[in-house]
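Working notes, structure below.
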Amino acid sequence: MKTRKCNHCNKIFYKDKCSYQRFCSAVCSLFNRVDTLDSKKCWNWLMYVDQDGYAELTYKGEKIKGHRLAYEFKNGDIPKGKQINHRCNNRKCVNPNHVYAGSHKDNMHDRMIAGTLSGEKHGMAKLNEEQVKYILKVFKPYDKIFNGIALAKQFNVDSSLIYCIIKRKIWKNVQ
Ligand SMILES: [Zn+2]
Ligand SMILES: [Zn+2]
């Protein structure tokens with residue numbers, strides 16, 4: 001068996017016969033190809049992504065999902081019946097601090113909060129499209145009648161909802 005030094009962690013490992021292998025583990029192969037300098041930022045995978053937009057790498061002939069590997073690296077096995085979701089709503093991200101084991105429902109919730117889904121169809125039915133258009137049109141930060149809090153009162157919703165609309169975090173499809 002031949003040994004070689006891992007391109008990422010410098011560990012000496014045994015190479016499989018005939019294989020071209022530069023990393024000692026799938027994890028090294030993953031983290032070597034993302035910018036891991038800032039533990040708070042997204043670690044964006046810039047190589048192959050699968051049809052759903054998730055990072056995908058091949059290690060020893062096996063296809064591995066980057067975000068799942070990142071989760072396992074930090075937490076161990078993925079609990080049965082759970083899927084790995086992104087807190088950052090960025091499927092290319094493989095930062096272990098940005099992924100968690102949750103349900104499909106958690107995932108939908110996160111996406112809604114992040115505004116990739118919006119509108120009446122997805123449960124944000126407190127306001128309708130016409131009202132959102134109106135809010136976008138009339139909102140003025142320091143105006144007596146048309147500031148966020150006043151508009152919230154007018155529509156009987158939480159003012160945070162108005163600010164989410166103004167900042168274009170939700171109802172992004174409304175012009
Ligand atoms: Zn390594
Ligand atoms: Zn992220």
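Results, tabulated for the structure shown:
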quantity: Some residue of region 26-37 being under 26 Å from Lys169 (Cβ atoms), touching a strand residue (DSSP E or B) at 6+ places or on another chain (Cβ under 9 Å) and within 11 Å of ligand 2 (Cβ to nearest atom); calculated: no
quantity: Yes/no for Arg68 being surrounded by 11 or more Cβ atoms within 10 Å (Cβ to Cβ) and under 11 Å from the mean Cα position of the chain (by Cα); calculated: no
quantity: Residue within region 39-46 that is more than 15 Å from the chain's Cα centre (by Cα) and either in the same structural domain as Asp106 (by TED's automatic domain parsing) or more than 20 Å from Ala101 (Cα to Cα) (or both) present; calculated: no
quantity: Residue in region 30-47 that is in a strand (DSSP E or B), within 16 Å of ligand 1 (Cβ to nearest atom), of a type in the set (A, V, I, L, M) and under 27 Å from Asp106 (Cα atoms) present; calculated: no
quantity: Pick from region 6-26, criterion more than 9 Å from ligand 1 (Cβ to nearest atom) and in a strand (DSSP E or B), ranking: farthest from Glu62 (Cα to Cα); calculated: Ile12
quantity: Number of positions in region 83-101 that are buried (at least 20 other Cβ atoms within 10 Å of the Cβ), assigned to a loop (DSSP other than H, G, I, E, B) and more than 16 Å from ligand 1 (Cβ to nearest atom); calculated: 1
quantity: Every pair of residues 6+ apart whose Cβ atoms lie under 7 Å, when the first sits in region 152-175 and is on the phi > 0 side of the Ramachandran plot while the second is of a type in the set (Val, Ile, Thr); calculated: Trp171/Val132; Trp171/Ile165
quantity: Conditions (1) among the aromatic types (Phe, Trp, Tyr); (2) away from ligand 2 (no atom under 16 Å from the Cβ); (3) out of contact with any Ser or Thr (no Cβ under 8 Å at 6 or more places or on another chain); number of the one not met by Phe23; calculated: (3)
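The values are calculated or read from the model by the stated rules, or taken from the named source; none is laboratory data. No experiment lies behind these values; they were computed from the predicted model shown. Reconstructed Cβ throughout: ideal geometry from the backbone, glycine too, with neighbour counts over all protein chains shown.
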